[in-house]
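A short reminder: the numbers here are calculations on the coordinates, not readings from a lab. Because the structure is a prediction, the values reported are computed rather than measured. All Cβ positions, glycine included, derive from the backbone under ideal geometry; neighbour counts span all protein chains shown.
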Amino acid sequence: MQCQKGIAFSLLLACSVLAAGKDKKKASLPDVVLQAETVLVVIDPDAGVALDAPLANTTARDDVEKALMKWGRFRLVTDVSTADLVITVRKGNGKITQGTTGGAPTNSRPVIFQPTDSGVRMGGSRGTPPTGDDPTRPQSPGSSPGVEVGPAQDTFAVYIGKRNGALDFPPAWRYIAKDALRSPSVPAVDEFKKAITEAEKERAAKP
C-alpha cells in the first residue's frame, strides 16, 4: 500500500513540476497563510523511516522548528486543533526508492525538550485528543520493512490547519529541492519567507 501511494505521489509530483515549468508565474499565497499566527510542524505521515538514515526526518522537523522560532513570525504549537498552518517535512536521499521501516511513532511527542540558540523550547501536547486524521496521533506499535517510492529531493509543504483532514487538501505552498531541509540553515524556510514577503507586497500594491 505504501509503495502504491508513493508511486501515485511521484506521478502527481511529476505533473506539478511540468506544469510549473510551463507557467513561470508563481501563484500568490492565500490570505489565510498571511494571517496565520500558529504552526504545527510534522513529518509527512506517508514517509517511512529510512534504513540508512533513521533520524533524517526527525532532524529535519527539529531544524525547521528552530528556523521558524528564529524567524519569529509564527508561534509553534503541538496539536493540530490549534494550528493555523501545518507544515510537513520529508527528507529525500537522491533516490526515487529507498528501504524503510514503517509503523514508527514519528510524530507522537507528548513532551518536547529542544535546545535553541535563544534558550530551550519545552512543551507538550494540549487541546483536543488526536483524531484519526491527526498527523500527530500515535501510530500502531511495531515496525515492518518496506520500500518507499517518493520524491528524491527534500519536501517542505504548508497546509491550512484547523480543519478535519488538513493534509488531505492540496498544500497552500510547497517547496521541493535538493538540500531544501539542509541542517542547520534550512533553505526551505528562507524560501517560505520570500514567498510571504512577495505576497504581502502584492496585497499592499492592490488598490
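Data overview
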| item | result |
| --- | --- |
| Listed peptides 28-37, 151-160, 197-206, 81-90 by packing density, highest first (mean Cβ within 10 Å) | 81-90, 151-160, 28-37, 197-206 |
| Computed lengthening from A152 to D46, 0.36 nm per intervening residue step minus Cα-Cα distance | 36.7 nm |
| Under Karplus coefficients 6.51, -1.76 and 1.60, residue-wise ³J(HN,Hα) of region 180-195 in Hz, glycine/proline x | 4, 10, 4, 8, x, 6, 6, x, 4, 5, 5, 5, 5, 4, 4, 4 |
| Contour minus Cα-Cα distance for S28 and A53 (0.36 nm per residue) | 5.5 nm |
| Net lengthening on full extension, T82/K206 (0.36 nm per residue, minus Cα-Cα) | 41.5 nm |
| Calculated FRET value between F169 and N93, using beta carbons and R₀ = 35 Å, to 0.05 | 0.80 |
